[in-house]
Amino acid sequence: MIETASWTRRLGAIIVDWTACTLVVVFVMGPARWSDDPLAGFYASGVFVLESALFTALLGGSFGKLATRLRVIREDGPGRPIELIPALVRSILVALVVPPLIFRPDGRGLHDMAVKTRTVRLAGLRRPADG
């Protein structure tokens with residue numbers, strides 16, 4: 001079984017994601033409109049959900065996960081990518097904040113358990129199998 005990535009690495013990934021998504025919204029809206037719009041945070045959340053779901057389904061992780069060398073893998077087989085709908089459900093649950101904070105001893109949060117995934121270090125995927 002591949003070990004779940006540390007909380008430190010996953011926190012770093014989400015900080016990269018939220019920063020990048022906020023910068024995209026600021027760039028699209030312009031700094032003045034962004035600072036005046038009370039819904040700007042919701043726009044950034046929407047960009048995060050879409051970015052995270054698409055990148056996870058296509059590349060194995062959100063922008064932040066890719067930048068911090070993490071990947072989202074299926075619990076039933078690390079070689080198979082997660083599909084778009086489960087990636088979207090997972091991203092929405094992460095954006096709700098609480099599901100990732102409720103987790104099992106192996107480090108998997110409710111968002112991972114809901115779609116049967118695990119966040120792992122890329123180096124852990126490349127390690128030869130024991131035995």
**OP:** Would you mind listing the helices (runs of 4 or more DSSP H) fully within region 39-131 where at least 3 residues are within 10 Å of the chain's Cα centre (by Cα) and of a type in the set (A, V, I, L, M)?
**Re:** 84-95
Original post:
Checking Phe103 against (1) in contact with a Gly (Cβ under 8 Å, 6 or more places away or on another chain); (2) at pLDDT 90 or above, which single condition isn't satisfied?
Top reply: (2)
Subject >> Long-range neighbours under 6 Å by Cβ, at least six apart or interchain, first residue hydrophobic (A, V, I, L, M, F, W, C) within region 16-40, second loosely packed, with under 15 Cβ neighbours inside 10 Å >> reply: Val16/Ala67
Original post:
Taking region 70-93 as the region of interest, how many residues are more than 16 Å from Val120 (Cα to Cα), surrounded by 13 or more Cβ atoms within 10 Å (Cβ to Cβ) and among the β-branched types (Val, Ile, Thr)?
Top reply: 2
Original post:
Restricted to region 1-18, and to residues that are over 16 Å from Leu101 (Cβ atoms) and over 13 Å from the mean Cα position of the chain (by Cα), which residue is modelled with the highest pLDDT?
Top reply: Glu3
**OP:** Could you check, for region 9-28, whether at least one of its residues is touching a Lys or Arg at 6+ places or on another chain (Cβ under 7 Å), closer than 20 Å to Arg121 by Cβ and in a loop (DSSP other than H, G, I, E, B)?
**Re:** no
Subject >> Single residue of region 23-52 satisfying the filter (among the β-branched types (Val, Ile, Thr) and farther than 18 Å from Leu96 by Cβ) that is surrounded by the most Cβ atoms within 10 Å (Cβ to Cβ) >> reply: Val25
Original post:
Looking at region 115-131, which of its residues are farther than 27 Å from Thr22 by Cα and either hydrophobic (A, V, I, L, M, F, W, C) or modelled with pLDDT under 85 (or both)?
Top reply: Ala123, Gly124, Leu125, Arg126, Arg127, Pro128, Ala129, Asp130, Gly131
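The values are calculated or read from the model by the stated rules, or taken from the named source; none is laboratory data. Just so you know, these numbers come straight off a predicted model, no measurement behind them. Glycine also receives a Cβ, built like all others from the backbone with ideal geometry; neighbour counts cover every protein chain displayed.
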